[in-house]
Every structure is written in C-alpha cells, then in structure tokens.
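*Asks:* One structure follows; several queries about it will come next.
Laboratory data are not the source of any read-out in this text; all were calculated from the coordinates shown. Note that the coordinates shown come from a computational prediction; the quantities given were computed from them, not determined experimentally. Positions of Cβ are generated from backbone atoms using ideal geometry, with glycine treated the same way; all protein chains shown enter the neighbour counts.
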Amino acid sequence: MGASALRSNAPPAEPERSASGAVARRLLWLAFTIVLIVFVWSRSLLLTSEPITEDQRQMVRQAIAVLAQAGFSREVVMLRHFANFRATDNWWNLYLGHRQAYAATNFPLGVVTLYGPFFTVATDDTERAVILLHEAQHLFGSGEEETLQRVWAEKERIGWTAELYGNTRVWKNTKEWTESAVIR
C-alpha cells in the first residue's frame with residue numbers, strides 16, 4: 001500500500017472534552033452572570049438616587065472621625081472606602097419602604113441612604129456617628145436586632161450617654177427600637 005492509501009477523507013477527530021472541563025465552564029459562566037447582575041443592580045441603585053451634597057459629606061466625614069477616635073477601625077474602613085452615601089431613596093428602597101429612619105443600607109451593595117433627620121434631628125457628630133455605626137453593621141451583613149443590640153452596647157465608647165443625650169430624639173428612638181427588638 002502506498003502512502004496515499006493510508007489517508008482518510010474523514011475530518012480529524014476532536015479531542016474529547018472532559019466532564020470536569022464542562023463543569024468548570026458552567027461555573028465560570030455562572031460566576032460571570034452573578035457578578036454582572038450584582039454590578040447592574042448596584043449601578044441601578046446609584047442611578048435612581050441622588051448623592052449627598054458636599055456639606056452633607058463633610059458632616060459624614062466628621063461623624064466617621066468620631067468613630068475612628070473611639071477605635072471602631074473596622075467600621076471606619078467600611079464607611080470610608082466601601083459605602084456610597086445617597087440623599088434620596090433608590091428604586092429598591094422605594095419598593096421596600098421604610099418607616100421612621102435616619103438611614104437605610106442596601107446590603108451587600110454598600111449603598112447607604114441618609115435621610116433628612118440624619119442631618120437635622122441628630123444633634124451633633126456623636127449622634128450621627130451612632131447612626132453610622134448602626135449602618136456599618138448592616139454593611140457587614142448584620143440583621144436589625146443584632147445591630148441595635150451591638151450599637152446600644154457600644155454607645156459609651158463614642159461618648160453617647162444618657163447623661164448627655166438622654167433627652168434627644170435619636171436617643172429615645174434608638175432606645176425604643178432596641179428595647180422592642182430585645183423583647184420580641
């Protein structure tokens with residue numbers, strides 16, 4: 001037989017794809033899809049809300065400085081580098097609704113909406129720091145009951161005491177919300 005007789009007209013065989021390779025591709029596709037959905041979701045929250053003003057941003061920075069001085073370094077890093085502060089509700093907050101709130105956090109997306117009372121009802125940087133400490137716990141994924149209890153337990157570290165703030169609206173609201181969360 002000559003060399004031409006050994007040749008075949010059939011296409012060359014493709015290497016077999018392993019089952020593990022197919023699973024890896026599916027997992028990669030799934031991961032990409034999840035990242036894309038989270039990215040689009042987070043951008044939609046920013047596009048449907050307004051950022052805080054520069055004056056408001058300064059108030060936020062001063063409140064974060066109170067937390068830094070009190071040693072809440074983990075929370076400070078989260079608030080300074082991962083939180084995106086907004087002044088108006090995004091579509092998700094409008095959908096979920098909120099009762100009387102100083103702020104709202106969209107976990108795990110890092111969007112923190114600061115409502116008017118955060119700037120007008122909170123009496124000073126210390127009270128705003130307490131509110132931001134609360135929201136930082138949500139940025140870490142803590143639920144409402146756990147967050148209320150943690151902030152209430154840590155309030156003296158910030159200098160937020162009954163002697164100084166016991167008659168403020170933020171103190172009264174927080175105490176009431178914390179007591180109702182513990183009693184449940």
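*Asks:* If I take the Cα coordinates of the range 48-183 and project them onto the principal axes, what are the three extents in Å, biggest first?
*Replies:* Largest first, the range 48-183 extends 40, 32, 26 Å along its Cα principal axes.
*Asks:* Another question about this same structure. Among ILE158, TYR115, PHE72, whose Cα projects farthest towards the positive end of the dipole of the range 48-183, with charges put on the beta-carbon of Lys, Arg (+1) and Asp, Glu (-1)?
*Replies:* Positive-most Cα among the choices belongs to PHE72.
*Asks:* Going by C-beta contacts inside 10 Å, put ARG80, ARG25, ARG86 in order with the fewest on the left.
*Replies:* Lowest to highest Cβ neighbour count: ARG25, ARG80, ARG86.
*Asks:* How much length is gained on full extension from LEU46 to ARG26, taking 0.36 nm per residue of separation minus their Cα-Cα distance?
*Replies:* 4.2 nm
*Asks:* Follow-up question, since we're still on this one. Can you give me the relative contact order of the chain as a percent, contacts being Cα pairs under 8 Å and 6 or more apart?
*Replies:* RCO, the chain: 19 percent.
*Asks:* For the range 26-184, give the magnitude of the charge dipole about the Cα centre (Cβ charges: +1 Lys/Arg, -1 Asp/Glu; no others), in debye to the nearest 20.
*Replies:* Dipole of the range 26-184, to the nearest 20 debye: 400 debye.
*Asks:* Between the range 54-83 and the range 163-184, what is the C-alpha centre distance in whole Å?
*Replies:* After rounding, the separation between the Cα centres reads 22 Å.
*Asks:* Given a cut-off of under 8 Å on Cα pairs at least six residues apart, what relative contact order in percent is computed for the range 14-120?
*Replies:* 28 percent
*Asks:* Return the FRET efficiency for the residue pair ASP124, GLU179: r is the Cβ-Cβ distance, R0 is 25 Å, and the value is rounded to the nearest 0.05.
*Replies:* Efficiency computed from Cβ-Cβ geometry: 0.60.
*Asks:* For LEU96 and PHE39, what is the calculated FRET efficiency with R₀ set at 22 Å and r taken between the beta-carbons, to the nearest 0.05?
*Replies:* After rounding, the FRET efficiency stands at 0.60.
*Asks:* With a sphere of radius 15 Å drawn around the Cβ of LEU164, what net charge do the other residues whose Cβ falls strictly inside it have (Lys, Arg +1; Asp, Glu -1)?
*Replies:* The answer is +1.
*Asks:* Of PHE72, PHE118, PHE82, how do they rank once you tally other Cβ atoms within 10 Å and put the fewest first?
*Replies:* Fewest to most other Cβ atoms nearby, the residues stand as PHE82, PHE72, PHE118.
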